[in-house]
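Some notes on the structure that comes next.
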Amino acid sequence: MGTDQLAASTRIEADPETVFAVLTDPSAHAAIDGTGWVRESLDADRITAAGDVFRMAMYHPNHPDKDYEIANLVEVFDEPRAIAWKPGTESPETGKLSFGGWIWRYDLAANGPSQTTVTLTYDWSAVGPEVREHLGFPPFGPDHLANSLQHLSNLVTS
């Protein structure tokens, strides 16, 4: 991994299609995250293609508003092998999206008929210097990705 990426992997006792189905359901993302930052999906639709935008209610104690919303643009949709999105904000006046430069990516690889290796990558290589100085990257420890993957596994296998 480069200095601008964190990644973690785990094996989940399910086929890639089942894991991918959970990842494409934004209503599951708060449970996958596990930090309390991701609160709930603001859209009822499942992710179906690159270019889709899904919105999430968020909370962070260091955010100026505490409660805020993000709009995620799906960059990769390769069912059932990979999905990635970049979080951003949406202008209430124009609807225009803007992004901070970080990406969440899940890569899935089948291990036999009912096991999947999932790799979660958080990449902030496109974050500019001002944002890096203001937010600090990464905004969580390396164990966050492993915890998220454990939460994903629990959701998929329950």
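No lab work stands behind these numbers, since they all come straight from the coordinates. All values reported here derive from a predicted model rather than from experimental measurement. Here the Cβ is made from the backbone with ideal geometry for all residues, glycine too, and neighbour counts use every protein chain on show.
Take the Cβ atoms of Thr18 and Ala50, set R0 to 35 Å, and the FRET efficiency comes out at 0.95. The charge dipole of the chain, taken about its Cα centre with unit charges on the Cβ atoms of Lys, Arg (+1), Asp and Glu (-1) only, comes to about 220 debye.
Per-residue Cβ neighbour counts within 10 Å put Trp37, Trp102 in the sequence Trp37, Trp102, beginning with the fewest.
A cut-off under 13 angstrom between Cβ atoms defines the neighbours of Ile103, and their net charge, with Lys, Arg +1 and Asp, Glu -1, is -2. Report Rg/Rh for the chain, rounded to two decimals, where Rg is the Cα radius of gyration and Rh the Kirkwood radius. Here the Rg-to-Rh quotient is 0.95.
Counted by neighbouring Cβ atoms within 10 Å, the residues Leu155, Leu23 run from fewest to most as Leu155, Leu23. Among Ala82, Leu108, Ala7, whose Cα lies farthest out toward the positive end of the dipole of the chain, if unit charges sit on the beta carbon of Lys, Arg (+1) and Asp, Glu (-1)? Result: Ala7, furthest along the dipole toward the positive end.
For the range 56-93 versus the range 13-36, the inter-centroid distance based on Cα atoms is 15 Å. Amide H to amide H distances under 5 Å link Gly88 with Ala71, Asn72, Leu73, where only residues 5 or more positions off or on other chains count and H is placed in the peptide plane. Residue by residue, the range 93-100 carries 3J(HN,Hα) couplings of 7, 10, x, 5, 8, 9, 10, x Hz when phi is fed to the Karplus relation 6.51 cos²θ - 1.76 cosθ + 1.60 (θ = phi - 60°); x denotes Gly or Pro.
Rounded to the nearest 10 degrees, what's the angle between the helix 143-157 long axis and the longest principal axis of the chain, both from Cα atoms, 0 to 90? Rounded to the nearest ten degrees, it is 50. In order along the range 57-62, the Karplus-derived 3J(HN,Hα) couplings, from 6.51 cos²θ - 1.76 cosθ + 1.60 at θ = phi - 60°, round to 7, 10, 8, 8, x, 8 Hz, and Gly and Pro are given as x. Across the range 125-138, rounded Karplus estimates of 3J(HN,Hα) from the backbone phi angles (6.51 cos²θ - 1.76 cosθ + 1.60, θ = phi - 60°) give 5, 8, 6, x, x, 5, 5, 4, 5, 6, 8, x, 10, x Hz, Gly and Pro being marked x. In terms of other Cβ atoms within 10 Å, Ser125, Ser153, Ser98 run from fewest to most in the order Ser98, Ser125, Ser153.
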